[in-house]
Amino acid sequence: MKYALVTGGSRGIGRAVVLRLASLGYTVIINYVSNEDKARETLAAVRDAGGDGELLRFDVSDPEATSEALSNWQEIHPQDYIEVLVNNAGIRRDNLMVWMDREDWNAVLRTNLDGFYNVTSALLKAMILHKRGRIINIASLSGLKGMPGQTNYSAAKGGLIAATKALAQEVGRKGVTVNAVAPGFVRTDMVTGLDEAELRRNIPMNRFGEPEEVAALVAFLASDDASYITGECISVNGGLYS
């Protein structure tokens, strides 16, 4: 049995990734923090489509809770390991830097960047031991271009992209690939409140993306066909570049 873990897997891009990986034969572990109803809905959708999965509740920003949850999972599955990790969990707390509270800065860095460390460090040894692993980090256009009002989010996602490139060089010889996907404006809860009509004017394809379009790339990077691709950050943004 092949296992994949998608953090923040109950909604939006995470949900689309869960469904796509399940269609490829992975038993998908759906991580969530608080919205159990949405997580159960996603799991039900996986099973309705003929796949299977599990729910695993923990906050990626909490190192102790993350370590405990993943250790417990491993104890229950002593003969298995998580082959594919999609670091998708993320939050936004937008504000101009001059008005940004320290807690808004810290919260975004803890979830979007520390969360990558907390989960990846717990799963990396097993991937190295088995000489196979796929780590796919969901970054953002904000981490490449920098977006006004998102200094904290841009810092976190830019750091995630740099960490992707560094880790790829550390584990490539062990059969583990590490890549990032940088969505632009994708129709999820994360873009709620943004002026879509105004933003579309700057997008060559003149529309927001769909979660399934990001999930298709994630699924490719998880596949054997992508075994010689590592250390990359691939944009899914309709042509919107800095």
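The numbers here are math on the coordinates, done by the rules we state, and not lab data. Everything numeric here is computed off the predicted structure, so don't read it as measured data. Please note: Cβ atoms are built from the backbone with ideal geometry, for glycine as well, and neighbour counts cover all protein chains shown.
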field: Cut-off 19 Å, label 7 Å out along Cα→Cβ of GLU196, residues of the range 1-40 by amide N
entry: 11-16
field: DSSP-assigned coil residues among chymotrypsin sites (Phe, Trp or Tyr not before Pro) in the range 202-242, each with at most 14 further Cβ atoms within 10 Å
entry: TYR228, TYR241
message: So for the range 113-215, considering every pair of alpha-carbon atoms, how many percent are separated by more than 20 Å?
response: 47
- request: Would you calculate a helix-derived [θ] at 222 nm for the chain, using -39,500 (n - 2.57) for each DSSP H run of n ≥ 4 and dividing by the full residue count, to the nearest 500?
  value: -13500 deg cm²/dmol
field: Amide H contacts of LEU5 (H built 1.01 Å from N, under 5 Å, at least 5 apart or other chain)
entry: ILE29, VAL84, LEU85, VAL86
- line: Over its alpha-carbon atoms, the chain yields an Rg and a Dmax in Å of 17.1, 52
query: How many percent of Cα pairs in the range 88-156 exceed 19 Å?
result: 40
Stokes-Einstein D for the range 50-136, Kirkwood Rh over Cα pairs, 20 °C, 1.002 mPa s (µm²/s): 147
message: Given bins 10 angstrom wide, list per bin the percent of all Cα-Cα distances in the range 168-242, short to long.
response: 18, 41, 26, 14, 2
Alpha-carbon centroid distance for the pair the range 176-210 / the range 124-158, whole angstrom: 16
- prompt: Roughly how tilted is helix 211-222, in degrees to the nearest 10 and between 0 and 90, from the longest Cα axis of the chain?
  reply: 40
query: Taking only C-alpha pairs under 8 Å that are 6+ residues apart, what is the relative contact order of the range 57-139 in percent?
result: 46
query: Which semi-axes, in whole Å and largest first, does the equivalent ellipsoid of the range 1-115 have when worked out from the alpha carbon gyration tensor as the square roots of 5 times its eigenvalues?
result: 28, 17, 11
message: So if a site counts as exposed when it's one of the trypsin sites (Lys or Arg not before Pro), its DSSP state isn't H, G, I, E or B, and it has at most 10 other Cβ atoms within 10 Å, what's the longest stretch of the chain without one?
response: 1-130
field: Karplus-derived 3J(HN,Hα), 6.51/-1.76/1.60, for each residue of the range 97-106, Hz, glycine and proline x
entry: 4, 5, 10, 6, 6, 4, 5, 5, 5, 5
task: Check the straight Cα-Cα distances from LYS165 and name the lysines below 24 Å, setting aside those fewer than 8 residues away within the same chain.
output: LYS125, LYS131, LYS145, LYS157, LYS174
